[in-house]
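Down below is the structure, laid out as structure tokens.
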Amino acid sequence: MQHTTPLPRATRANAAALPRRSFLKTVLAAAAAPWLVPAGVIRAQDGKPVPSGRTTFGLIGCGNMGPEGMKNVLNDKTAQVIGTCDVFRNRANRWRDNVDKHYKAKGCTAYYDFRELLARKDLDCVEIATGDYWHIPLALAAIRAGKDTYVEKPLGVSLEWAKVLRDEIVKRKAVFQFGTWQRSRTHFRRACELVRDGAIGKVSRVDAWSYGLASDGGGIFNPRSHVRKLHLAKPADKVPADLNYDLWLGPAPQKAYSNARVSTLGIYHIYDYAIGYIGGWGIHPVDIAQWALDADLAPPVSYKGTGRLPDAGLFDTVAAWDVLCKYENGVEMRFMDHTAAAPVVKKYLPRVGDHGTTFHGEKGWISVSRSSVQSSDAELVKRSRRKPADGETHLYASEGNNQWQNFIACVKSRKPTINPIQSAFNGDVICHLTDLVVRTGRELKWDAKTETIVNDAGANALLNRPLREPWKL
């Protein structure tokens, strides 16, 4: 029997030598250490004063997730958006105008090259919401320019690049936030607290699933209904007048332009730019599993399973996957695309959504998604609606239950965010190794001390990617 409650819509070498927990303590301590930021400074916003004490914010990437995130910052009275940036000039201009409309005053500036935005001395922090392949290069540029950084998920297309980013964050004591915003939602936190408190007994296995390229269904985030239109598009389209296509490509391989290539789905599902929904969607349920299992410092150590790539066409990220990820303590997580997950999850969860994380223990199960908390025990559903009692686990709660508000607060306080760099890195490990299981057809083992794949030079080589000249990390 299942019970549910609906919810309203709403230094690399040093890292290798240290145990994961010790390293995260180092990361957190560095993030929390004081940084010389003048209190109450009045900053200039293109010649106009920003109210004293407000954190100034810029958005890099105005096409999809970025504007949704920026709306949260616009509603934060402790922050001020002063710049929008996109290689599509019309996007940067449109969201500049929307910012000015929100504040009922002109003052936000549109940029078409991230270097111009990052050169502003009055800019405190940025959100990076571009294609995944740009996440780490842009984050490095921002942090080296002294800007704290919110990076949309996943971290990027290379774990080796991610190590460089982590080193830079620690070195510069930068505040970093990962875009796994589910951690900031109350019902996700309560589900994780219940698991940690042993409400379902000792956890033996986890099911985690999300949309895949080949999943059933429709909608922009499930591309099956759009694939036939875009997937086989030929690179013969004319570059739009408002697009800097060379800068759009950035560190990615030189390829001829097509409308499909630069579309939202192209950015998600072309391997030059992403690892597909394994990382872009799957990181969310995987991240919740990591949090509930208290495994932010210890990703699974073995990965085996099946999956498939598209037969042909422009979209060439993994289309479907079913991979068993095993932790060192024996707990198993079955990470699946939605189609693979449906028959598995239906055995215990009659109402199967397109994503979710289910924890199975000695006393039953508890499952959480964006729409609900469900459980084999009705009492656990009731407890998920209440605050934890004294003596029960109280996990990190974001200010306003909002990932962006937490980021802005941490920029001010210099405290760690709800998902700092090491937990973000280990979440990406799971997604990348799942991708490589499908691509190589081999079982892979992860050494958390050296942060390498054990005895597999070919798979290890795939953890890195060359950057197109003249771009460098």
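Screening Gly266 on (1) part of a helix (DSSP H, G or I); (2) within 17 Å of the chain's Cα centre (by Cα) shows it passes everything except condition (2). Just to be sure before I move on: is Arg189 surrounded by fewer than 24 Cβ atoms within 10 Å (Cβ to Cβ) and over 24 Å from Glu451 (Cα atoms) in the structure I sent? Against the criterion (surrounded by fewer than 24 Cβ atoms within 10 Å (Cβ to Cβ) and over 24 Å from Glu451 (Cα atoms)), Arg189 does not qualify.
Count of segment 361-408 residues, restricted to those that are crowded, with 22+ Cβ neighbours inside 10 Å and over 30 Å from Val344 (Cα atoms), is 6.
Selection of segment 364-392 for residues being closer than 23 Å to Gly330 by Cβ and either outside the structural domain of Ala319 (by TED's automatic domain parsing) or aliphatic (A, V, I, L, M) (or both) yields Ile366, Val368. Meeting the requirement of 1 or more residues that are within 30 Å of Tyr271 (Cβ to Cβ) and either modelled with pLDDT of 95 or more or under 21 Å from the mean Cα position of the chain (by Cα) (or both), the helices (runs of 4 or more DSSP H) wholly within segment 365-473 are 403-413, 421-440, 457-461.
A count restricted to segment 246-277 and to residues that are closer than 21 Å to His338 by Cβ, surrounded by fewer than 22 Cβ atoms within 10 Å (Cβ to Cβ) and modelled with pLDDT of 95 or more stands at 1. Just so you know, in segment 121-143 the residues that are in a loop (DSSP other than H, G, I, E, B) and touching a strand residue (DSSP E or B) at 6+ places or on another chain (Cβ under 8 Å) include one that is surrounded by the fewest Cβ atoms within 10 Å (Cβ to Cβ), and it is Asp122. Under the condition of being among the aromatic types (Phe, Trp, Tyr) and within 22 Å of Asn64 (Cα to Cα), which residue from segment 146-196 is farthest from the chain's Cα centre (by Cα)? The selected residue is Phe176.
The values are calculated or read from the model by the stated rules, or taken from the named source; none is laboratory data. Please read all numbers here as calculations on a predicted model, not as lab measurements. Note that we place each Cβ from the backbone using ideal geometry, even for glycine, and neighbour counts take in every protein chain shown.
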